[in-house]
Each structure stands twice: as structure tokens, then as C-alpha cells.
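See structure below.
Since every read-out is calculated from the coordinates, none of them should be taken as a lab result. On a predicted model such as this, the values are computed, not experimentally measured, just so you know. Here the Cβ positions follow ideal geometry from the backbone for every residue, glycine too, while neighbour counts run over all protein chains shown.
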Amino acid sequence: MLRRYLLLTLGFVVAGVACWGCLVRAEDLFYDIRLAISPEWELNGLVTIHGTAAADLEELVLRVYQPEELSVSSIEVDGIAQNWTKDAQEPSVLRVHTPLTREQTYSLTAEFSGRVPLFHDQSGYGTFAASEHAVVLGAAYPMLAAWDDAWLTGPLLPWGDAVVADVADYRLTMEAPKGWEVVSGGYEIPLGNNVTLVEGQNLRELGIVLVKGYVVQSAEFKSVSIRSFSLPEHSAGSREAFRITGEALQLYEALFGPYPYGTLDVVSVPLQWAAGVEYPGLILGGELYYARWEYEPLFFPMIFAHEVAHQWWYAQVGNHQVNEPWVDEALATYSSGLYFEAKGRLEEIVAYWQNSYQLGRRRNPHAMVDSPLWGFADGAGYGGIVYSGGALMLHDIRAHMGDELFLAALRSYLGAHRWGFAWGDDLLRAFAAHSPPSLDAVLARWLSR
Ligand SMILES: [Zn+2]
């Protein structure tokens, strides 16, 4: 995600492949979802999650990331109805008490329903919201919590990214109102009668958007099909978003390794408090920025260069976005800096980070780059410290290591954790393993550890 911080007179305002063989993931998780959405934005769904127990388990843990809007009415495991409990402190956590032995396969089916709020009636980013021309369905289904020797949960906060999930294959059958087109992180296959089949592999979550009256610009970049969607009046911004996305994708492929999906869709939607949001294979860009892209020569490209980088740092290497949001955000922000550097604009982006970091420190003097999401009450200082400070930290690390070893460390981190889960210590270990000089003094400046 990319947010924007501006100090105005009114005070604080947020405006806001090839090589499939080398990209195969180790464990099998498969989501089979049926979703039907009415013209009044009532949502009815059924999800079946096919998985294999990673250990002897007492329970399966589900996350419902829209706990106010979506409710689960029944859960079955292998065809047997289950009781479940909702955590008192954290209603997004559902615990299904079904003992499983290590390597036992299971199928969990949950029935759920709810309503998608209107964009103007909701207070979030707009990632689960309906407007006249776009319905964003982020985290629109119950997800299995990620597993890393324990179920990974965490508080659901109104700022930052919430989803902590394992990579899975997906099949979605989506019934949308007449005249709406489905755009998603997978491949869409229209089946007729307003039903679309979506299939995707290796997705950490399935982002879905319904659009109406949009125009699309598309082209192939080597083996990747990029499509950019917007309202007709925003097609100039959409063309620019398309161009930046293609350039960033090619740069990151050269620096880090192949983009792992066959498609990448970029969609202009109404967003508030966020300028861009990432899903595997899908990027949302804030519509307001499309309307004035030519007045944002630094920030507009930053949105897409940042979100494209999340296709490596988040989609491929997962991390705990609540406990350690810096891990993917610092990498995505710094990668966007590499995009500007390739354009001869490194000094400009470093100056932006320095300014933004100073503002962040003023707003939240106690937080550090590696503070958890809850260390930034109401999001205060979050972008400045975690994104810009995190990027400045990586810039320092690179200066100590040299370009070649810095990129070698990133590639080794990606290779070791692709389709898995990494912690901040894994990233720091990758740098340490490739760095002849000690990085301790550098890290002490930025991190609380
Ligand atoms: Zn981000």
C-alpha cells in the first residue's frame, strides 16, 4: 500500500513467465470460492479451502478481514458441521476446533454473507466498497490464517495492510450484476449469464474488482500481459500508469528475478487515505491521482513503481504485515527508488524520503522503522518512518555493501523465501551473509533491535 502525507494549512491530510519450474511452491493450499453479488451489493459466498495440516493441530484458524460487514453462517470440515469461536479481543479471528494430525488433508467449507458498503459510507481505504463504477472486493472471503510453526494472527487495525496469509491456488466463480466486468489477480474467463470464472496460482490472496463503463489499455511485456483500466475521462492517466507499470516490471525482473504471473492488471478506483493498494497480480490506483497525474511528476510514478515491487515483496515473499510491516514496505519503497534511479532521479527520491522521514519522526518520535503497526496510533508517522525511513535504511545498507552484494543479498532472500514467509531477521541475515563490513552500526540507527 502507498499512502501520502501532506501538511496543509488545515492540518494533516492524507490525499492521499518463463521459469515456472523454478517458481513452484512446496505446499498445497487451494481455495474454491463461489461469490454472488446483487445490484444492491449484497454478497453471498461459499468458500472451500483444501489444505494439508502442517503439524498436529487442535484447530484451524480463519480470518474474516471484514468482520463488520461479513458474517459466517456455517462451517464444515470434511462434510461434518463444526462449532467455532470468535476471539473476544479480535473478532476477525475464528477458531474451528477440529483436531488434525500432521500431513492430514482436509476440506473446510464456510458459508458467508454480508453487504459491501458504499464508498462514501465507509471509513476505510475503499478496498471493500462500492461506487457507481467500481466495486472493490478485497479480502471478500474468509481466509485461512498463515501458518509458521503457529497460526499467525494479529490485531486488525484501521491503518496499514491487514492480510497475513499463505500462498494458494484459487478458483472463483463470480456472479455479478449485469453490465459489470470482473478484474482480478487471476485469469478471468466469462462463462455467460453474468458469471465469470477466475483461476490463479500462487496467490497470497485473491483481489477482485468489478468495473462498469471502463476502458482498457493492454499490451504484452515479454510473457506478461499488462492491462490498465480506468474510466474514459482518466485514460491519459491510465496510459501513464500502464507505461510506468511495464517499465517497473521489466526493471525488477532484471534486478530481482522473473515476475511470476502471466498477467498484471492495474485498475483506477476510488480510494481514500491510500494512493495505491497491492494484490498479487492486481494493483489498485487511487482515481484522484489519475485525474491530475501530470501535476504529480514524482508521486504518480511512485504509486505504480511501489505497487509493482510488492509483486516480489509481499506476493512472492510473505511477511507479517501487522507485526513487521517494514519488511515488505521498506523493500517496495526502496525498489521504487531503484526505478527512479534508472531514470536518473535518485537524488530526487532520496530527498523525498528524507523529508518524509523527518515529518514522520516529528509526528511519532518514539517509533522506529521496525515498529509494529500498533506502534503508529491512527497511522501517525507510519509512512514517513516505515516506508521512507525503511528505504533510507536500505540505502545505507547498500552504501556499506556495494551495489553488487546488496542485490545479491536481495536475490538470495527472494530465492530462499519465495512463496513462503519471511521475518525481518531473515532479511537482515541475508544482508549480513553478503556483507563484508558489519552492518550493526547502520542497523542500530534505524531499528529498535
Ligand atoms: Zn506498500
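Round to the nearest 0.05 the FRET efficiency obtained for W374 and D425 when R0 = 22 Å and r is the Cβ-Cβ distance.
FRET efficiency, W374 to D425: 0.65.
Roughly how big is region 314-446's charge dipole about its Cα centre, with Cβ charges of +1 (Lys, Arg) and -1 (Asp, Glu), in debye to the nearest 20? Mind dumping the intermediate values first?
Values: 10 positive and 14 negative charges, 32 e Å.
Here the size comes out at about 160 debye.
Restricting to DSSP H runs of at least four residues, report the calculated mean residue ellipticity at 222 nm for the chain, -39500 (n - 2.57) per run over all residues, nearest 500 deg cm²/dmol. Write down the numbers at each step before the final one.
Working: 9 runs with 117 residues, N = 449.
Taking each H run of at least 4 residues, the total per residue is -8500 deg cm²/dmol.
Let me spell out the model: positive unit charges on the Cβ of Lys and Arg, negative unit charges on the Cβ of Asp and Glu, origin at the Cα centre of region 22-309. What dipole size does that give, in debye rounded to 20?
About 520 debye.
Just rank L331, L46, fewest to most, by other beta-carbon atoms within 10 angstrom.
L46, L331
Using +1 at the Cβ of each Lys and Arg and -1 at the Cβ of each Asp and Glu in the chain, identify which of G383, V215, G281 lies farthest towards the dipole's positive end.
G383
By the gyration tensor of its Cα atoms, with a ≥ b ≥ c the square roots of the eigenvalues, what is the shape of region 301-449: rounded for a/c under 1.5, prolate for a/b over b/c, or oblate? Write out the running numbers ahead of the final one.
Values: a/c = 1.28, a/b = 1.17, b/c = 1.10.
Cα axes put region 301-449 in the rounded bin.
Which order do S371, S230 fall in if you start with the one that has the fewest other Cβ atoms within 10 Å?
If I rank by nearby Cβ atoms, fewest first, I get S371, S230.
Determine the principal axes of the Cα atoms in the chain, then give the extent along each, sorted from largest to smallest and rounded to whole angstroms.
57, 53, 47
Short version: ³J(HN,Hα) in whole Hz for each residue of region 290-303, in order, from phi by Karplus 6.51 cos²θ - 1.76 cosθ + 1.60 (θ = phi - 60°), x for Gly and Pro, what are they?
3J(HN,Hα) across region 290-303, in whole Hz: 5, 6, 9, 4, 6, 8, 10, x, 9, 6, 4, x, 4, 4.
Roughly speaking, what is the centre-to-centre gap between region 149-174 and region 408-438 when only Cα atoms are used, to the nearest Å?
Measuring centre to centre over Cα atoms gives 23 Å.
Once the Cβ-Cβ distance between L346 and D440 is put in as r, and R0 is 45 Å, what FRET efficiency do you end up with, to the nearest 0.05?
0.95
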